[in-house]
1. From the backbone phi of the range 27-34, what are the Karplus-calculated ³J(HN,Hα) couplings (6.51 cos²θ - 1.76 cosθ + 1.60, θ = phi - 60°) in whole Hz, Gly and Pro given as x?
2. So how do 65, 79, 33 line up by other beta-carbon neighbours within 10 Å, fewest first?
3. Note the full-extension length gain between residue 38 and residue 12 as 0.36 nm times their separation in residues minus their Cα-Cα distance, in nm to one decimal.
4. From the backbone phi of the range 97-112, what are the Karplus-calculated ³J(HN,Hα) couplings (6.51 cos²θ - 1.76 cosθ + 1.60, θ = phi - 60°) in whole Hz, Gly and Pro given as x?
5. What do the square roots of 5 times the Cα gyration tensor eigenvalues come to for the range 4-78, in whole Å, largest first, as semi-axes of the equivalent ellipsoid?
6. Non-local amide H neighbours of residue 23 (under 5 Å, H modeled in plane, Pro and chain starts lacking H): which ones?
7. Give the relative contact order (percent, whole number) for the range 3-52; include only Cα pairs under 8 Å separated by 6+ residues.
Amino acid sequence: MTDSRAATTCKADAFAAPFAFLDRAYRQGDNNLTSLEAALASAYDSLGRSDLGDFVRTGKKYQRLTDMLQGCPSGIDNLVGLREAFLGTAKKAPPKSMTACSEAVQDRSRSTGVVGIDERRGTNPISAAI
């Protein structure tokens, strides 16, 4: 079960579960597999394609990145979901609003004197804030 992304992207992105398998929790930042995604991963595994099953299980980063790049709603829940899909759960509680996120980025930029990626630490103030 793939779509047109298969011809234009990496294998991991192409075999991430289709967006039709997502539920409302996804829009609230949840990166857990839905029952349909789990069934697809299990089906790949049972067919001897555990590599494709792994792509489904780790595909949230590609789903969220595609969402952001295609201009889907990008509230704080989606930003936190994107961050957690790539970096795991945050050690501290994420901001509760876009305003709080913006303020955290500005505070960090003021305290470090760096705007954008901090080459010394290899960090990005936006990802550090969320």
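Bear in mind that the values in this text are calculations on the coordinates, not laboratory data. Here the structure is a predicted model, which means the values were calculated and not measured. As a convention, Cβ positions derive from the backbone with ideal geometry for all residues, glycine included, and neighbour counts pool all protein chains shown.
1. Once θ is set to phi - 60°, the couplings for the range 27-34 become 5, 9, x, 6, 10, 6, 5, 6 Hz.
2. Lowest count first: 65, 33, 79.
3. Here the answer is 7.8 nm.
4. 8, 5, 5, 5, 5, 4, 5, 5, 5, 5, 4, 5, 5, 5, 6, 9
5. 22, 15, 8
6. The list, which skips near neighbours in sequence, is empty: none.
7. Taking the mean separation of contacting Cα pairs over the length of the range 3-52, I get 27 percent.
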